[in-house]
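Here's the structure we're looking at; comments come further down.
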Amino acid sequence: MKEYYDFNSIPSELKSLPQWILWKYEMLEGKDKPTKVPYQPDGEKASTNNARTWSTFATIIKFYMEHDYDGIGFVFSKREKYIGIDLDHCVDDQGKINNFATDIVDLLDSYTEFSPSRKGLHVIVKGDLPQNFIGTGRKNDKLGLELYSFGRYFTFTGNRENSNDVFERTDEVA
């Protein structure tokens, strides 16, 4: 798995923020598949609602390389105006992206990378969610689409779908 990741390709503006965590796949009670559980470098669990459990990118990479973690993640916070768009099950076995996901990626035209499963995409934009959104964001299982602006984290692979930086896209998200 580690050979799939290219952390150097993650935009510098995200790497400069101390909002990084580690994660491991774990089977949790009541779940039928492994969950990506967030961790701190000291081995304690991290919380998406507690900035004291997040670290710098450099620290996270060091511990990722030296210990048995499955990946790294970026925590979205109210303090920073980033939105993560998660597109699930949109990449086929040949690496072709479906039309629904392509339309969203083209509309948002911002940093996009493949998820750890290689079957999904994560798009990161700057901006605000529409005012009618209550809570951290929205999830639509039928479409395989999630949008979050705080209280969540996204896994990061650095395995880019495009060469974009992170751009302001409030209007496009709406």
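The values are calculated or read from the model by the stated rules, or taken from the named source; none is laboratory data. Bear in mind that the values here come from a model prediction, so they are computed numbers and not experimental data. Note: ideal-geometry Cβ built from the backbone for every residue, glycine included; neighbour counts use all protein chains shown. We work out accessible area using only protein heavy atoms, side chains counted, and drop any ligands, DNA or RNA first. Shrake-Rupley method; radii C 1.70, N 1.55, O 1.52, S 1.80 Å.
Computed quantities for the displayed model
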quantity: Subset of segment 127-153 (residues that are farther than 20 Å from ASP106 by Cα and among the aromatic types (Phe, Trp, Tyr)); calculated: PHE133, PHE150, TYR153
quantity: Some residue of segment 129-139 being at pLDDT 95 or above, surrounded by 15 or more Cβ atoms within 10 Å (Cβ to Cβ) and over 20 Å from TYR5 (Cβ atoms); calculated: no
quantity: Residue within segment 105-112 that is in a loop (DSSP other than H, G, I, E, B), within 23 Å of SER12 (Cβ to Cβ) and at pLDDT 95 or above present; calculated: yes
quantity: Contacts under 8 angstrom Cβ, first residue in segment 127-155 being in a loop (DSSP other than H, G, I, E, B), partner of a type in the set (Val, Ile, Thr) and surrounded by fewer than 17 Cβ atoms within 10 Å (Cβ to Cβ), 6 or more apart; calculated: GLY127/THR170; ASP128/THR170
quantity: In segment 81-120, residue nearest to GLU172 (Cα to Cα) [restricted to those that are open to solvent by less than 40 Å² (accessible area, probe 1.4 Å) and charged (D, E, K, R)]; calculated: ASP86
quantity: Checklist (1) part of a loop (DSSP other than H, G, I, E, B); (2) open to solvent by less than 60 Å² (accessible area, probe 1.4 Å) applied to VAL123, failing item; calculated: (1)
quantity: Pairs, first farther than 13 Å from TYR153 by Cα in segment 31-58, second open to solvent by 30 Å² or more (accessible area, probe 1.4 Å) and of a type in the set (Lys, Arg), C-beta under 6 Å, six or more apart; calculated: PHE57/LYS15
quantity: Residue in segment 39-51 that is of a type in the set (Phe, Trp, Tyr) and closer than 21 Å to GLY137 by Cα present; calculated: no
